[in-house]
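Down below is the structure, laid out as structure tokens.
The values are calculated or read from the model by the stated rules, or taken from the named source; none is laboratory data. The structure presented is a predicted model; accordingly, all values stated were derived computationally and were not measured. Virtual Cβ from ideal backbone geometry, glycine too; neighbours counted across all protein chains shown. These area figures cover heavy atoms from the full protein model, side chains too; ligands, DNA and RNA do not enter into them. Shrake-Rupley method; radii C 1.70, N 1.55, O 1.52, S 1.80 Å.
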Amino acid sequence: MTRIAAVRPALPPYRYPQSALTEAVAAMCLPDGHGTALLRRLHANAGVSYRHLALPLEEYAALDGFGAANDAWIATAVDLGAEAVAGAVKDAGLTLDDVDVLMFTTVTGVAAPSIDARVALRLGMRDDVKRLPLFGLGCVGGAAGIARLHDYLTAWPSHVAVLLSVELCSLTLQRDDASLPNLVGGALFGDGAAAVVLTGSEHPSASGPSVVATRSRLYPDSERVMGWDVGAGGFRIVLGADVPDVVRTYLGGDVRGFLGDYGLGVADIGTWVSHPGGPKVLEAVEETLKLPSGALELTWRSLDAVGNLSSSSVLHVLGDTMRLRPSGPGMLLAMGPGFCSELVLMEW
């Protein structure tokens with residue numbers, strides 16, 4: 001089986017309390033002061049105490065349009081990405097020369113050459129390393145990346161694969177946009193990265209929890225539940241209020257059906273690694289799966305400590321979970337634009 005050898009999170013050094021970010025978003029998005037009461041309620045109820053930003057808070061006002069924001073995204077993404085990949089490979093007891101494939105996922109910026117190429121060149125990785133940049137998966141990208149690399153390592157069981165996620169959500173915030181989705185995004189999303197090292201079943205250094213199986217689900221008539229509208233100002237968030245309803249409609253049946261194919265039920269899963277979409281989404285996950293109290297404690301803690309990091313978030317929760325050294329079956333899950341879900345059955 002594919003093994004998860006190491007997870008290394010990386011966060012930018014600029015950390016702010018939610019209260020400071022509330023006032024900054026108010027100044028950028030509500031300059032006339034209308035709607036500030038609603039904004040403060042959204043921020044107070046987001047379940048977030050602190051977030052990290054790609055840039056010092058005072059530098060955001062100087063960003064002149066999408067080009068400047070994306071340039072800042074590239075520079076920070078390469079720095080964080082190199083830090084995360086080098087750290088994860090070291091934590092796995094491997095060297096950069098051991099890496100056969102590097103997958104990169106993001107939804108908050110664009111670059112050609114892609115960030116994975118820039119990171120590989122900066123770190124001096126092998127010139128024959130296989131690269132696979134993925135864009136558009138959003139919050140589901142961390143789980144989907146693990147699933148797709150599991151597919152790859154099933155075919156190449158002696159190989160080493162690295163998944164890199166970098167999401168700099170703060171650089172997508174639309175100034176002078178008082179829409180509810182933009183204000184909700186400004187309350188929830190933070191900046192961060194993570195790298196995961198996976199090894200095939202025949203690699204001599206294979207260690208860590210195993211990936212037993214994966215499953216993908218794409219839901220009908222859900223394209224406007226979550227995503228981006230892309231325009232001259234960059235990425236304008238699409239975030240429907242019906243995300244928790246979609247979770248309640250589909251996730252429980254999908255998880256139970258997936259587990260049933262392997263002779264398991266929800267009660268057999270002792271470890272849950274979930275993307276922290278937001279309080280209402282997490283409550284919907286707990287409700288539809290009828291999870292015991294505290295099952296998503298690490299997910300709630302991650303949301304509080306750093307906010308929603310899009311595709312990087314579930315990887316941060318995975319890293320926190322691995323440090324606790326659990327045992328038995330586990331489930332990693334995330335949802336994102338499509339609207340879709342990715343499920344990863346694990347054995348600890």
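Taking the alpha-carbon distance from Lys90 and a cut-off under 29 Å, which lysines remain once sequence neighbours fewer than 8 residues away in the same chain are dropped?
Within the straight-line cut-off, Lys90 pairs with Lys130.
Check the straight Cα-Cα distances from Lys290 and name the lysines below 18 Å, setting aside those fewer than 8 residues away within the same chain.
Lys280
What does the convex hull of the Cα atoms come to per residue for the stretch 196-342, in Å³?
141
Using 0.36 nm per residue of separation minus the Cα-Cα distance, give me the extension gain between Glu287 and Asn45 in nm, one decimal.
Additional length available on full extension: 85.2 nm.
Rounded to two decimals, what is Rg over Rh for the stretch 195-272 when you use alpha-carbon atoms and the Kirkwood radius?
Ratio of gyration radius to Kirkwood radius for the stretch 195-272: 1.11.
Need one number: nm distance between label points at Leu57 and Lys280, each 7 Å from Cα along Cα→Cβ, rounded to one decimal.
Taking the simple label geometry, Leu57 and Lys280 are separated by 2.6 nm.
Carbon and sulfur atoms: what percent of the 1.4 Å accessible area of the stretch 187-260 do they account for?
50
What FRET efficiency do you get for Trp156 and Asp242 if R0 is 41 Å and r is their Cβ-Cβ distance, rounded to the nearest 0.05?
After rounding to 0.05, the efficiency reads 0.55.
Rounded to the nearest Å, what's the spacing between the alpha carbon centres of the stretch 291-325 and the stretch 88-146? Just the number, please.
Using only Cα atoms to place each centre, the spacing works out to 22 Å.
May I ask you to derive the FRET efficiency for Lys130 and Arg325 from their Cβ-Cβ distance with R0 = 35 Å, giving the value to the nearest 0.05?
With R0 = 35 Å, the Cβ-Cβ based efficiency is 0.65.
Which helices of the chain meet both criteria: a Cα extent of 20 Å or more along the helical axis and a mean Kyte-Doolittle score no lower than 0.0, with helices taken as whole DSSP H segments?
65-91, 141-155
GNM on the chain, C-alpha springs below 10 Å: top fluctuator among Val196, Val211, Val225?
Result: Val225 has the largest fluctuation of those listed.
Assuming 0.36 nm per residue, please report the length gained on full extension of the stretch Tyr262 to Asp97 beyond their Cα-Cα distance.
Using 0.36 nm per residue and subtracting the Cα-Cα distance, I get 55.8 nm.
Can you compute 3J(HN,Hα) from phi for each residue in the stretch 92-104, using the Karplus curve 6.51 cos²θ - 1.76 cosθ + 1.60 with θ = phi - 60°, rounded to whole Hz and x for Gly and Pro?
Those phi angles translate into 7, x, 10, 10, 4, 5, 7, 7, 9, 9, 10, 9, 10 Hz.
Three principal axis extents, largest first, for the C-alpha atoms of the stretch 125-241, in Å?
Principal-axis extents of the Cα atoms in the stretch 125-241, largest first: 54, 34, 23 Å.
Ignoring ligands, DNA and RNA, what accessible area per residue does the chain give at 1.4 Å, in Å²?
40
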